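Let me begin by presenting the structure, written as structure tokens, before commenting on it.
Derivation of every value follows stated rules applied to the coordinates shown; laboratory data play no part. This structure is a prediction, so every number in the text was calculated from the model and none was measured. Virtual Cβ from ideal backbone geometry, glycine too; neighbours counted across all protein chains shown.
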């Protein structure tokens, strides 16, 4: 039985080294392709969260400015959030079931 000959380009050291290097870099290294893809998705998600929280910070800053300048808004906030009341009032809290 005759063993088929391996083509010379498959026995070439540089070809084998390059093939091994590419396999290592694409699949076995700590910075392989699947890891890079996962990290890029995570970065995209974190950037979206950052944008959301920046909008929320701006909204809170606006509410804070209103509270510090308008006494009626401050009273409304205290009544709704902390259930504060005047001495002659009764407060009833209704909760949804």
Quick check: the angle from helix 13-23's long axis to the longest principal axis of the chain, C-alpha only, nearest 10 degrees? 20 degrees
On a 0 to 90 degree scale, rounded to 10, what angle separates helix 71-82 from the longest Cα axis of the chain? 70 degrees
Checked against the structure, the computed Rg/Rh (Cα atoms, Kirkwood Rh) among [x] 1.59; [y] 0.95; [z] 1.08 is the one labelled [x]
Mind ranking 87-95, 17-25 by how tightly packed they are, going by the mean number of other C-beta atoms within 10 angstrom, highest first? 17-25, 87-95
For the chain, calculated [θ]222 nm from helices alone, where every DSSP H run of n ≥ 4 adds -39500 (n - 2.57): -22000 deg cm²/dmol
